[in-house]
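A short worksheet on the structure shown next.
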Amino acid sequence: MEIEEDEERRRQRKLEEALEVKSLRRIISAYLNYPEAAEEDVRRYEKSFKKLPPAHKALLPHYPSKFKNLRRCISLNSYFIFTMLQAFEPPLDMSQDVDGCKDPHLENFEHGHCHSEERNASSCQSVSTSGRMCCSNHAQACSQEKSNIMSNPTTEEVKSEQQHEPIFGSGAGEVENKNEIAECCSNDVADSNGNAFSSPHDWLDPSLQLNVPLVDVDKVRCIIRNIVRDWAAEGEKERNQCYKPILEELDAQFPNRSKESPPACLVPGAGLGRLALEISCLGFISQGNEFSYYMMICSSFILNHTETTGQWTIYPWIHSNCNSLSDNDQLRPVLIPDIHPASAGITEGFSMCGGDFVEVYNDSSQIGVWDAVVTCFFIDTAHNIIEYIEIISRILKEGGVWINFGPLLYHFADMYGQEDDMSIELSLEDVKKIAFHYGFKLEKEQTIETTYTTNPRSMMQNHYHAAFWTMRKKRTTTT
């Protein structure tokens, strides 16, 4: 009987790993399909332009030059993306045959926030790694690793500690010639100008790539906008709106932090890792948690492979012609990162943990571990927000602090078609009542107006009136 149970467990683990490989291949394929999808947009613009009457076309003599510039921007974005992919070390065996695996949850695999200009909150959170990434999407508890920020991701399945050399572009991300791109990127993948990218990574072999829907490539574009929010000077205004109040509140809540025994702070939904890094720099043992491989791949690259500030140039706003004040605004470059993560002054113990928040932290080893939990644009990513609140209460120490910032744009509110779909969409009033039920006491509360991955020069600006609160887990009274 035990042998049969062990065999069943092994079979289940193998299936779960195969499903994860399939999902990861799809995400990597979305990144690899970015150049062609972007080029298709430019061809569509050109097609429309060619349909204009000659007299109208004559009023836009600069348009052919704009299309050429768009292709150049796409090429440089692609250069960044493929360099990032080459530096990525998959935590799983990407060569295994997974064609027979059916994943009913594939659409939800990379869920997260993309609170962008569009109402469609397309899956976009992704994890990054500072220190070590516990990179499992199947309920494996994350142990805090006391490691350097520049170390490689790892999982329980992947024991290898071998280092890999990072690939860096020229100072501003400019491509001097086609050979420079070809040295850096993946097999038989071409940018919008037809330049081929080559890579030694077998898992980037074209035969392993998938044809993915355009919505997957839209998530890549969303990641590019998120990079601005977290790692560009242009995103400082949004960071000041969202992250600064959190950091100031943490600082006030723990005024006498010990360097020898720093308080521990968990950041679920850490995205590209900037908030978790800033908390670490404040003197906390900070752990970011993220579920989306879209985010994980990108944040790992920025946190672990950045050599200097402004090392890369991206063009985040080129994918929409709407609400632009000028072509120069649409085509403007953004330098990243604005700080060098490894030189930022992190506290020892800073880590990133990849995996579903519920599966990773709903574990007995996590009970009463954390001094603080910080949730920023996170709690509305839940299928069941009550479960999130229950887990946050369970993992906090008595007297621990929960700081929350964000709206209630429930991620699964518009998901239809699957029998097991669930989306519990509570009002703010009900969210607070649930929190009180699980032992929280409200200490501070206010509303802060903010944006999310918004182009600051766009004619359209979506604003959130975000809930910002500090709650404390009550101490158990003893008689």
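Quick notes on this one:
- Top-ranked residue in region 29-48 [being crowded, with 18+ Cβ neighbours inside 10 Å and among the aromatic types (Phe, Trp, Tyr); ranked as nearest to the chain's Cα centre (by Cα)]: Tyr31
- Candidates in region 49-62 are the residues that are assigned to a loop (DSSP other than H, G, I, E, B) and under 18 Å from Asp327 (Cα atoms); of these, the one that is most open to solvent (accessible area, probe 1.4 Å) is Leu59.
- Test result for Val267, of a type in the set (A, V, I, L, M, F, W, C), in contact with a strand residue (DSSP E or B) (Cβ under 8 Å, 6 or more places away or on another chain) and buried (at least 22 other Cβ atoms within 10 Å of the Cβ): yes
- Residue in region 3-11 that is of a type outside the set (S, T, N, Q), part of a helix (DSSP H, G or I) and closer than 30 Å to Lys68 by Cβ present: no
- Residue in region 456-470 that is in contact with a Pro (Cβ under 9 Å, 6 or more places away or on another chain) and either assigned to a helix (DSSP H, G or I) or open to solvent by 60 Å² or more (accessible area, probe 1.4 Å) (or both) present: yes
- Qualifying residue in region 340-350 (condition: part of a loop (DSSP other than H, G, I, E, B), under 21 Å from Ser292 (Cα atoms), of a type in the set (Phe, Trp, Tyr) and modelled with pLDDT of 95 or more): yes
- The residues of region 301-327 that are hydrophobic (A, V, I, L, M, F, W, C) and not in a loop (DSSP other than H, G, I, E, B), listed by number, are Phe301, Ile302, Leu303, Trp312, Ile314.
The values are calculated or read from the model by the stated rules, or taken from the named source; none is laboratory data. As the structure is a computational prediction, the values presented were derived from the model and not from experiment. Neighbour counts are summed over all protein chains in view; Cβ atoms, including those assigned to glycine, are modelled from backbone coordinates with ideal geometry. Quick note on the areas: whole protein, heavy atoms, side chains included, nothing else; ligands and nucleic acids left out. Shrake-Rupley method; radii C 1.70, N 1.55, O 1.52, S 1.80 Å.
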